Amino acid sequence: MKILIVGSGGREHAIAWKCAQSPKVDKIYCAPGNAGIAQIAELVPLKADQYEELADFAKDHGIGLTIIGMDDPLVGGIVDVFEERGLRVFGPRKNAAILEGSKAFSKELMDKYDIPTASYETFTDLAAAKHYLEGLEKFPVVLKASGLALGKGVLICEDLASALDGAETIMGEKAFGAAGDEMVVEEFLTGREVSVLTFVDGTHIKEMSSAQDYKRAGDDDTGLNTGGMGNISPNPFYTSSVQQFCREKIFQPTVDAMKAEGREFKGVIFFGLMLTEDGPKVLEYNCRFGDPEAQVVLPRLENDIIDVMNACIDGTLDQIDLKFSPRTCVCLVLASDGYPAAYEKGKVIHGLEAFRKMRDCFCFHAGTAMKDEKIVTNGGRVLGITVLGDDLRQARQKAYEAAGLVRFSGKYYRHDIAKFEE
Ligand code: AMP
Ligand code: GLY
């Protein structure tokens, strides 16, 4: 079978790497891909928002399965375009991808179906939002642009003045574009965060292993929010009693709620959870694999990923016995200085050859490109150094050693990924 992967980040590299292990796969295409993905797939010079052209490509090249890695095309309806053309595709339709595409929608869904989450109000009018904020007694408060905002549309405001400024930023200045046409104001929660990726076939849901993201740019959770500077799997705080609660009160109820709303969800639901004193609560839903969650979860997946994705499409996920290696996986992101704000591109990356000979250590490319036959930086997050180890300490040590082998101008990374008080 030939497959096509849509996207260009570390997540798509991990997906392509996992697909390449399937005996069912003869050839992998990736649009638009990156320099690392190019080592295992043929790159297609189409962007993720060219739905019709991508569908033409899939038709013309006899693609048996297209996997959509990114949120934007899913929320924009690429799956519907492929399905209308009779093409097999992995990911939710537009009416289900709204679970990530509109925080206003997802909050209302959780409210209606009693799925635990922070209490909230939704606003489409700036003056009304400000009036509401002025009446609040408890701070901090969380402001969220309802639409997609590259993980940046969430503001945690310590007092009324910064909340009023934040509302102005999201709804007035439209700093996150149309994502700020609607805004969710949410209760501030505290606790450990857990990412749980799941496969869903419309009716059944199977969890992949848990993970923990490191969202802030700097050590000890300082600095700006990023797409993720590192990740570990499994998450040590995701105990079996937490898992049991989530299964009963969050995971299956979400799938059932989407079905009841006529928005059958097929693909990956990524549950962003916070373990509060009152129990686990949903912070957000995503309609795709996380990045870098995919990098730490997929190396531990023991099934043929093509079988699992086909089962999601066919509604037969209940027949799949999803298995994960008990080993620990750590991903350390090497980023460009300045990320998540402005940064430079085009810096030559040295030292990548070292990874070819390594076992249990993978270098997933996020923002890289080929220039004059050299691999150069081409994004904020550049590489995800990923290690499978017997425990966190071993995986962490190997990941930091391997990170030292790579050199490029402006390289920066966090020093506390997978570090726990010992
Ligand atoms: P989201 O994109 O909704 O996951 O938000 C990004 C990050 O903001 C989360 O990973 C949390 O660290 C933080 N966050 C979001 N919602 C809340 C909340 N209600 N209380 C505290 N922190 C939050
Ligand atoms: N790492 C968080 C995300 O993919 O949204």
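The values are calculated or read from the model by the stated rules, or taken from the named source; none is laboratory data. Note that the structure is predicted; figures quoted are calculated from it, not measured. Every residue, glycine as well, gets a Cβ built from its backbone with ideal geometry; the counts of neighbours run over all protein chains shown. These accessible areas exclude ligands, DNA and RNA; they are computed on the full protein's heavy atoms, side chains included. Shrake-Rupley method; radii C 1.70, N 1.55, O 1.52, S 1.80 Å.
Here are a few things to note about the model shown:
- Charge dipole (the chain, unit charges on Cβ, about Cα centre) - positive-most of Ala145, Ser209, Asn95: Ser209
- With a cut-off of 12 Å between beta carbons, the residues surrounding Ile78 carry a summed charge of -3, where Lys and Arg count +1 and Asp and Glu -1.
- Nitroxide proxy distance, nm - points 7 Å out along Cα→Cβ at Leu224 and Tyr113: 3.5
- Listed peptides 94-100, 362-368, 138-144 appear in the order 362-368, 94-100, 138-144 once ranked by packing, highest mean of other Cβ atoms within 10 Å at the front.
- Spatial offset of segment 279-307 relative to segment 35-91 amounts to 20 Å, using the alpha carbon center of each.
- Sites Ser409 and Ala341 - FRET efficiency at Förster radius 25 Å, r taken between beta-carbons, to 0.05: 0.90
- Restricted to Cα atoms, segment 34-80 shows a radius of gyration and a Dmax of 11.1, 30 angstrom.
- 1.4 Å probe accessible area per residue over the chain, in Å²: 42
- Each other residue within a Cβ distance under 11 Å of Ile67 adds +1 if Lys or Arg and -1 if Asp or Glu, for a net charge of +3.
- Debye log10 I(q)/I(0) at q = 0.20, 0.21 Å⁻¹ for segment 126-166, Cα point scatterers: -0.59, -0.64
- Sorted largest first, the spans of the alpha carbon positions of segment 268-364 along the three principal axes are 47, 38, 26 Å.
- Rounded to the nearest angstrom and listed largest first, the equivalent-ellipsoid semi-axes of the chain from its Cα gyration tensor are 31, 26, 22.
- Among Asp278, Asp114, Asp314, the largest mean-square fluctuation in a Gaussian network model of the chain, built with springs joining Cα atoms closer than 10 Å, belongs to Asp278.
- Reduced Cα scattering model of segment 25-175, Debye log10 I(q)/I(0), q = 0.10 Å⁻¹: -0.52
- Extension reserve of the Phe420-Gln397 stretch, reckoned as 0.36 nm per residue once the Cα distance is removed: 7.0 nm
- When segment 90-183 is reduced to its Cα atoms, the Kirkwood hydrodynamic radius in Å: 13.8
- Within segment 286-376, trypsin sites (Lys or Arg not before Pro) in DSSP loop having at most 12 other beta-carbon neighbours inside 10 Å: Lys323, Arg359
- Accessible surface of segment 74-171, 1.4 Å probe, proportion on carbon and sulfur as whole %: 50
- Net length available on complete extension from Glu53 to Leu126 is 22.4 nm, with 0.36 nm assigned per residue and the Cα-Cα distance removed.
- Taking the accessible area of segment 212-304, probe 1.4 Å, and keeping the other protein chains in place, the carbon and sulfur fraction comes to 45%.
- Cβ-Cβ FRET estimate between Ser241 and Asp390, R0 fixed at 35 Å, reported to 0.05: 0.90
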